[in-house]
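Before any comments, here is the structure.
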Amino acid sequence: MKRLTVGLGDRSYAIHVGEGILNGLGREASALNLPRRVVVVTNTVVAPLYLEQVQSSLQGAGFAVESIVVQDGEAFKNAATLDQIYTALLEKRCDRKTTIVALGGGVIGDMAGYAAATYLRGVPFIQVPTTVLSQVDSSVGGKTAINHPLGKNMIGAFYQPRLVLIDVATLDTLDARNFSAGIAEVIKYGVIADAAFFDWLEERAEGLKALDHQTLIETVLRCCAIKADIVAQDETEQSVRAFLNYGHTFGHAIEQLSGYGTVLHGEAVAVGMTVAAQLSHQMSLCTAADVERIVRLIQRCGLSTLIPDFSLDAYLNAMMRDKKVADGALRVVLNHGIGQCDVYTLTQPRELFAAALQACRTV
Ligand code: NAD
Ligand code: GLY
């Protein structure tokens, strides 16, 4: 098992990454002296796969364990499901000496994390991510949220977990579509922060779907190390943390316009990254060859780069609700070549996006 740390002073926490380590959850949680009562929040797809294993690991370490199983999918990452979680916690008479464990993908992690942040003004929580996307990204860094019909992740809090336990063996049961969607966030790290990692991914693109556990561990560690470093510098997204939003401004607009769950988050980010790369090229921040490399890698990893057919006005309207909007101006993350990026305020977003979408549609 490998270990990384998210360095946030007295709120620092470990990320454990390994193969077949789910059984060690009870031991790791025990070592943190967490409250002995645990509620595992998961969904109807993940519960039959991993809930029993997680429960018996925690029980074996002396925890009293209960569970809350909600409906599956992005369409249920909303106020109604969150309310079900609060109701179940209240019905179980959970007090402040209760730890919430999020077992599942990013939807469960974000929603259970927000429940933990707000229930009784905050109870400890642990992330046990079981998708590529949640293992490389969403379980680390403490962003928790639910969606609103008018915008993605609009209601939320920064609330750090006490532990992240990543067992790559859980990815064996993940379907190909969700596997590829998670790879979009992996590619993101290469584009924004690590040119050598991008090269490494290019060498393996087609093979990524059949990755052995060891290569998955390496991939997860690289992504989590980049994210942990960024979060330690800027926990609440005042500066560099915004880089992690590369491709997300347009991606979130796709998710919201299509109806949550229709286009998966990672799929939307993949399209958003092609648009961001085009914008970067238009602003002379990268070459046409860089755009070509980014688009090719996304496609080779089994992701579509087709832009869903909504009007420019609909996209601009949705993007104006992005959390990076400041003083009414749209701000986007653009890549400098491959391996670096920065945040830019767009003074003429309509013209820039019109040209970028046109260019993307002809790639
Ligand atoms: P998801 O949570 O919906 O999981 C995808 C599907 O895989 C679901 O049907 C889920 O039940 C199923 N699943 C989960 N683990 C499985 C396993 N081991 N085997 C079989 N099936 C499994 O989606 P996701 O892609 O994991 O996460 C997307 C969400 O993450 C979005 O809501 C996005 O906004 C959020 N996100 C948050 C952050 C953050 O920093 N907090 C970062 C990126 C994305
Ligand atoms: N996924 C974006 C962030 O954690 O900041």
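Laboratory data are not the source of any read-out in this text; all were calculated from the coordinates shown. Worth saying up front: this structure is predicted, and the values here are computed from it rather than measured. Every residue, glycine among them, receives a Cβ derived from its backbone with ideal geometry; neighbour counts consider all protein chains shown.
For the range 194-272 and the range 2-23, compute the distance between their C-alpha centroids and round to whole Å.
Each part reduced to its Cα centre gives a spacing of 19 Å.
Where does each of Ile155, Ile254 land when they are ranked from fewest to most other beta-carbon atoms within 10 angstrom?
So the residues, fewest neighbours to most, are Ile155, Ile254.
What nm distance separates the two modelled labels at Arg36 and Thr5, each placed 7 Å from Cα along Cα→Cβ?
Between Arg36 and Thr5, the simple spin-label model gives 2.9 nm.
Loop only per DSSP, at most 14 neighbouring Cβ atoms within 10 Å: give me the trypsin sites (Lys or Arg not before Pro) in the range 90-138, ordered by residue number. Kindly include the intermediate steps, with their values, before the conclusion.
Numbers: sites: Lys92, Arg93, Arg96, Lys97, Arg121; in loops: Lys92, Arg93, Arg96, Lys97.
Those satisfying the criteria are Lys92, Arg93, Arg96, Lys97.
Under 25 Å Cα-Cα from Lys92, which lysines qualify once same-chain neighbours fewer than 8 residues away are excluded?
Within the straight-line limit of under 25 Å, Lys92 reaches these lysines: Lys77.
Semi-axes of the equivalent ellipsoid of the range 75-231: what are they in whole Å, largest first, if each equals the square root of 5 times a C-alpha gyration tensor eigenvalue?
Working: eigenvalues 181, 45, 43 Å².
Values for the range 75-231, descending: 30, 15, 15 Å.
Which ordering of Met273, Met283, Met111 is given by a fewest-first count of other beta-carbon atoms within 10 Å? It would help to have the intermediate numbers written out before the result.
Numbers: Met273 29, Met283 14, Met111 26.
In order of increasing Cβ crowding within 10 Å: Met283, Met111, Met273.
So if each residue of separation counts as 0.36 nm, and I subtract the Cα-Cα distance between Thr173 and Ala232, what length gain in nm does that give? Can you show the working numbers first?
Values: separation 59, 0.36 × 59 = 21.24 nm, distance 3.20 nm.
Difference between extended and current length: 18.0 nm.
If r is the Cβ-Cβ distance from Ala196 to Ser56 and R0 is 41 Å, what FRET efficiency results, to the nearest 0.05?
On the way: r = 41 Å, r/R0 = 1.00.
It comes to 0.50.
Provide the per-residue ³J(HN,Hα) series for the range 134-148, in order, calculated from phi with Karplus coefficients 6.51, -1.76, 1.60 and θ = phi - 60°, each as a whole number of Hz, with x at glycine and proline positions.
Per residue, the Karplus-derived 3J(HN,Hα) values read 6, 6, 8, 9, 5, 6, 10, x, x, 7, 10, 5, 10, 7, 10 Hz.
Rule-of-thumb check for the chain: C-alpha Rg over 2.2 N^0.38 Å?
Details: Rg = 19.7 Å, N = 363, 2.2 N^0.38 = 20.7 Å.
The value comes to 0.95.
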